Each structure stands twice: as structure tokens, then as C-alpha cells.
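Below: the structure, in C-alpha cells.
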Amino acid sequence: MIWTPDNVRRIILDSAGRILRQPHAGLPTAGPPSLDLYYDLGLDSLQRMELAADLNEFFGILHTSANNYLLTSTTLDHWTACILRARHEADDWVTFRTSGTTGAARPIRHRLSSLLAETHFLTTILPRPAQVVSTVAAQHIYGFIYTILLPAIWQCPLRLLADMSAAEIGPDTLLVGTPFTWEYVFTSLLSATPTPCLGTTSTAPMPPGLFAQLRDAGVTLTEIYGSSGTGGLAYRMAPDAPFTLFPYLTMLPDETSADSLSALRHTETGAVLAVPDRLERVSDRDVRVLGRLDEAVQIAGVNVYPAQIRQVIAACPLVADCDVYAKADVDGSQLYGAVRLRTLTDANREACLSWCRDQLSAPELPRHLYVY
């Protein structure tokens, strides 16, 4: 069963955690039903309205009865009951949002039946674990499929990594992460003592160096390629291997090049899926990902746009000129920036850096920023 109180509470808390900038609102895997969004989490009235808007969109609550109005109470138990009633009334769609920071996020609706079909395929390539351990948020499509739907189909428990010790992770544990969270998992848990386990990664390209480190630490890792708009499209189990398409997808020829493709067809639904990246055709079933079509760069699992970051920095009154670019290495992409000030002084340099920190999110802020 998908819509259990525990699963719904987790989606609520992960959505609240995004607003509070605190993963899962700082709570353990099973948030108590008696929890109060105001008194216990500190969500003020505007934040509760934002959370209600997010959940109304995700679950389609506004298309159900008026009894499912979230804001009549601040208790987690009330919000959970409203959502469970709403899903009992209408259970056809789930709506996710794209995750870019500079580009405007937009809603993407998916049929629950399509998500379940993808999940059932995943059970054929992933061994059934004794437990699933999450480092990702459940309200995003990757987290929803791998930490809500898969545990429901497998009928195995879901835990948060923050609740566990390394000793509780075994060969029959499936760790669900992103390249960003896997870096911390390796540094904090796996680098000193190899810990055999299963793992999945998605949302951004896995750096080959980190992939190799995890494999040496005993992780049997499956990398999933896809997007919020398309769902999962392909998978691989080695850093130098091409991605193999999911079996119900076929390539559509690209008119400009026989070796590239820009769309896939879902053979069961007939839907044409536009891919967000430049793909190289390796064989009828295998592709390589060459880079983003929209010039986005993925930093810590988030799409950022160097050209738009350049515009933000250039808007600072102290700046005469600037350049921002991405550079890839074995550990992934990093942003570099060079900023020329109108008048170079220590005070102006600090003021410019303060401007950048205020105007840019953490993934957008170049890790290497030279001000001169």
C-alpha cells in the first residue's frame, strides 16, 4: 500500500524541510502524529501557506472535497488525514517540480500508474533489500519512486541515514542517494571501513572518481539517468559504461545526426519524451550523456546556469566586468569566477563577495571566485 500514514507524513516533513532548509525538518524517520507544524517545527503562517500550496499541488488536493482543507489545523495528524482522504477520492496523478535554482521551477504531472510501471521494472534490476535507507527528499520524483514506491512494492522498511550507524548497513541494505549525498556518505561512513551494500544514484552525473571510490568501498551502485519531466530513462552499473535504456523506451532518429538523438518513445503509451541532454547513440539500446542542451551545469545535484550567474554578479554596482564558467574534472563540475572591480580596495572586495553570497544560492556561488 502506497498511501500509508508514515509515507504521507514523510512527504509532508520533507516538503517542510525544504522550506526550513533543514532535511526532513530535522526529525527521525517516523515523525509523531501529534507533532505541530507551528509549535514543534516553527513554521509561521506564511510558511504553512507555502507548505499547503506545495502539498495541494503534489497530491491534487484542490480537486477533491472541501473537507481536505489543510490550513484549518497545524497538527501533522490533521494534514496527514486530509491527504489520505484526498488520495482516496482521486489517486490518478502526482505533481512534481523541476529543481533548477536560476531557471523557474515548473510543475510536472505524472500518472501514478506510469510511476508504478517504472517501479516494477526497477525491481527486475535491483535486488530486493532488507531495508531501504534514504538520503533524499520524498517529494521529488527520484525520492518518491525509490523511497516511497519501491519500499511499498518490496514491503521492506524505509529509514533515514541520519537515524543509523554504519554497523546497521549491510549487504542487503539499499542506500538511495545523489552524487552530492554519496560524497558525504563516503567521507563520513565508508572511507575508513569498507561497507558492502547496494546503492542507487541519480539527479546529476556521478563523478567517475567517486563512483570508483564507492565501488572499492563495497557499494554495488546503479546510476539512473532521467529527469523530473521524463522519469527514469536508462541505467548503468559502471562509471565508464554507457547507459542502457529502460526496455519500454525506443530511440527516435535525430534528423541532424545518425549518432545523436533528442527524443525517446514510450512503446506502451506512445508518448514521446524529449531528453534534456545531448545524447550519443552507442547502440540500439545504449547511449552516452554528453552534456546539457540548455547549458545548465549540475552542482550538488542542482541545475545552475553560468550565464545567468554572470548577469547577477555583473549587476553589483562595484563590478566592472566578470566571467563565470564551469570546469569538469574527475570529481565533477565546479564553478569558477573572475570579477574585475571598478575600484579595487579591500572594502570593495568584501562588499562584492557579500553581494554574491546574498544574491546567489549555495550551488550557484562559484567555489573559486577571484576578485581583482
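Look at region 161-182 and say how many of its residues are crowded, with 19+ Cβ neighbours inside 10 Å and either in contact with a helix residue (DSSP H, G or I) (Cβ under 9 Å, 6 or more places away or on another chain) or small (Gly, Ala, Ser) (or both).
Total satisfying the criteria: 10.
Can you name every residue in region 122-165 that is over 27 Å from HIS88 (Cβ atoms), part of a helix (DSSP H, G or I) and either in contact with a strand residue (DSSP E or B) (Cβ under 7 Å, 6 or more places away or on another chain) or not β-branched (Val, Ile, Thr) (or both)? Selection gives ILE125, LEU161, ALA162, ASP163.
From THR230, THR201, grab the single residue that is among the β-branched types (Val, Ile, Thr) and under 15 Å from GLN298 (Cβ atoms). Just a single option satisfies the conditions, and that option is THR201. Check whether at least one residue in region 81-103 is buried (at least 19 other Cβ atoms within 10 Å of the Cβ), of a type in the set (Phe, Trp, Tyr) and under 21 Å from the mean Cα position of the chain (by Cα), and report yes or no. Yes: one or more hits. Considered as a group, the residues in region 252-267 that are at pLDDT below 90, out of contact with any Lys or Arg (no Cβ under 8 Å at 6 or more places or on another chain) and not in a strand (DSSP E or B) include one that is surrounded by the most Cβ atoms within 10 Å (Cβ to Cβ), and that residue is PRO253. Residues in region 26-41 that are in contact with a Leu (Cβ under 8 Å, 6 or more places away or on another chain) and in a loop (DSSP other than H, G, I, E, B): LEU27, PRO28, THR29, GLY31, PRO32, PRO33, SER34, LEU35, LEU37, LEU41. On the given criteria, is ARG48 at pLDDT 95 or above and either surrounded by fewer than 22 Cβ atoms within 10 Å (Cβ to Cβ) or touching a Cys at 6+ places or on another chain (Cβ under 6 Å) (or both)? Answer is yes for this residue. The residues of region 207-218 that are in contact with a strand residue (DSSP E or B) (Cβ under 6 Å, 6 or more places away or on another chain) and surrounded by fewer than 23 Cβ atoms within 10 Å (Cβ to Cβ) amount to a single one, PRO207. Residues in region 163-189 that are over 22 Å from ARG128 (Cα atoms) and hydrophobic (A, V, I, L, M, F, W, C) were compared, and the one that is farthest from the chain's Cα centre (by Cα) is LEU189. Within region 1-21, one or more residues are over 19 Å from the mean Cα position of the chain (by Cα), more than 13 Å from ALA138 (Cβ to Cβ), of a type outside the set (Asp, Glu) and outside any helix (DSSP H, G or I).
Once region 210-251 is narrowed to residues that are part of a loop (DSSP other than H, G, I, E, B) and closer than 20 Å to HIS120 by Cβ, the residue that is modelled with the lowest pLDDT is THR230.
Test of understanding: among THR200, THR124, THR193, THR187, which residue is in contact with a Ser or Thr (Cβ under 8 Å, 6 or more places away or on another chain) and among the polar types (S, T, N, Q)? Step through it out loud before you land on a result.
Numbers: THR124 fails: in contact with a Ser or Thr (Cβ under 8 Å, 6 or more places away or on another chain); THR193 fails: in contact with a Ser or Thr (Cβ under 8 Å, 6 or more places away or on another chain); THR187 fails: in contact with a Ser or Thr (Cβ under 8 Å, 6 or more places away or on another chain).
Every option except THR200 fails the conditions.
Within region 325-372, the only residue that satisfies the criterion of being farther than 30 Å from GLY209 by Cβ and modelled with pLDDT under 80 is TYR372.
Exactly one residue among ASP44, ASP40, ASP77, ASP36 is in contact with a Pro (Cβ under 6 Å, 6 or more places away or on another chain), outside the structural domain of LEU116 (by TED's automatic domain parsing) and farther than 25 Å from ARG109 by Cα, and that residue is ASP77.
The values are calculated or read from the model by the stated rules, or taken from the named source; none is laboratory data. This structure is a prediction, so every number in the text was calculated from the model and none was measured. Ideal geometry is used to build each Cβ from the backbone, glycine not excepted, and the neighbour counts take in all protein chains shown.
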